[in-house]
Amino acid sequence: MIAQNNLKSSRERLGEKVFFIYRYGNVSYLELLLGASDPYNFLTRYRFLSKLAEEDAILIKSVQEEMENVKKWKIELNNKEKDIKDTRNELLKQKDSLTKKKEERNRLLAKTSSERAEYEKALRELEESSRTLETLIKRLQQTAKGPGLVGNLFWPTNNRLITSQFGHRRHPIWGIDMFHSGIDIAGNYGDNIYAVSDGRVIYSGWQSGYGKVLIIDHGNGMSTLYGHCSQLLVNEGATVKKGQIIGKVGSTGWSTGPHLHFEVRKNGSPINPLSMIK
Ligand SMILES: [Zn+2]
């Protein structure tokens with residue numbers, strides 16, 4: 001009974017000591033064993049420490065497992081965080097690209113409508129110019145004499161390619177109707193322009209839309225017009241011969257590139273040049 005009590009109290013003491021070791025970790029198991037007062041005490045201490053070591057091992061293992069789990073969760077969390085960041089960045093990029101597309105579309109819309117307005121303005125200008133020329137030609141023709149456009153006419157440039165026909169047409173995109181008062185003949189900047197028949201120069205100068213323009217009166221109410229020239233080589237009042245070089249091809253006035261705008265007019269009104277010249 002006394003021995004048991006001793007054991008119990010020594011157990012308790014050991015327990016305290018072990019708690020102390022656990023708590024402060026400054027005494028090793030070996031020191032504890034070597035501190036035994038006799039073999040019995042040694043054995044008691046040994047058993048206790050063995051049990052303790054076993055529990056420690058289990059505890060350490062479970063702590064290690066927990067730590068492993070925590071590590072895994074941390075990696076998983078990091079990955080998820082990265083995924084979220086990536087998704088967010090992707091969304092931001094998409095938003096940015098959408099904004100840019102929207103801006104581009106608005107810019108194009110604005111550009112198109114301003115181009116359309118410009119086109120319409122140029123058309124009206126050209127129509128007005130054409131009417132002005134009609135009045136001008138009628139007035140100037142009153143004193144002009146000549147046979148009119150007879151016989152084989154001289155083709156006005158060295159190029160035979162017609163890029164735009166005479167008459168009504170509609171803009172392919174904007175659907176605006178316009179009247180083309182002549183034909184457009186392809187050409188290079190500086191190409192010769194020839195008088196299609198004998199006549200007298202009644203206009204040599206600038207006309208809005210037409211740019212540098214020449215008008216030759218051939219008599220009998222017939223005149224020819226040469227527009228968008230880069231150079232005018234004959235003056236008003238000059239008499240010209242069929243096939244004579246009268247100017248150079250250019251892109252003056254409302255023109256998208258060098259070409260000859262050629263008109264034939266009867267009493268000042270434009271008629272299809274191809275009905276007179278082939
Ligand atoms: Zn034209």
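The values are calculated or read from the model by the stated rules, or taken from the named source; none is laboratory data. Quantities reported herein were computed from a predicted structural model and do not represent experimental measurements. Glycine gets a Cβ as well: all are built from the backbone with ideal geometry, and neighbour counts include every protein chain shown. Side chains are part of the model used for accessible areas, which takes the heavy atoms of the whole protein and leaves out ligands, DNA and RNA. Shrake-Rupley method; radii C 1.70, N 1.55, O 1.52, S 1.80 Å.
Please verify whether region 197-208 includes one or more residues that are within 16 Å of the ligand (Cβ to nearest atom) and closer than 17 Å to Ser255 by Cα. Yes, that holds for at least one residue. The set of residues in region 171-193 being within 15 Å of the ligand (Cβ to nearest atom) and either among the hydroxyl-bearing types (Ser, Thr, Tyr) or exposed (fewer than 13 other Cβ atoms within 10 Å of the Cβ) (or both) consists of Ser181 alone. Exactly one of (1) open to solvent by 50 Å² or more (accessible area, probe 1.4 Å); (2) on the phi > 0 side of the Ramachandran plot; (3) not charged (D, E, K, R) is unmet by Gly219. Its number? Here Gly219 meets the rest and fails (1). Tally up the residues in region 137-170 that are within 15 Å of the ligand (Cβ to nearest atom), surrounded by 13 or more Cβ atoms within 10 Å (Cβ to Cβ) and either basic (Lys, Arg) or not in a strand (DSSP E or B) (or both), please. Selection size over region 137-170: 6. Applying the criterion of at least 1 residues that are open to solvent by less than 10 Å² (accessible area, probe 1.4 Å) and in contact (Cβ under 8 Å) with a residue 24 or more places away in the chain to the strands (runs of 3 or more DSSP E) found wholly in region 239-278 leaves 245-248, 259-266.
Scanning region 209-220 for residues that are in contact (Cβ under 8 Å) with a residue 40 or more places away in the chain, within 16 Å of the ligand (Cβ to nearest atom) and touching a Leu at 6+ places or on another chain (Cβ under 9 Å) yields Gly209, Tyr210, Lys212, Val213, Ile215.
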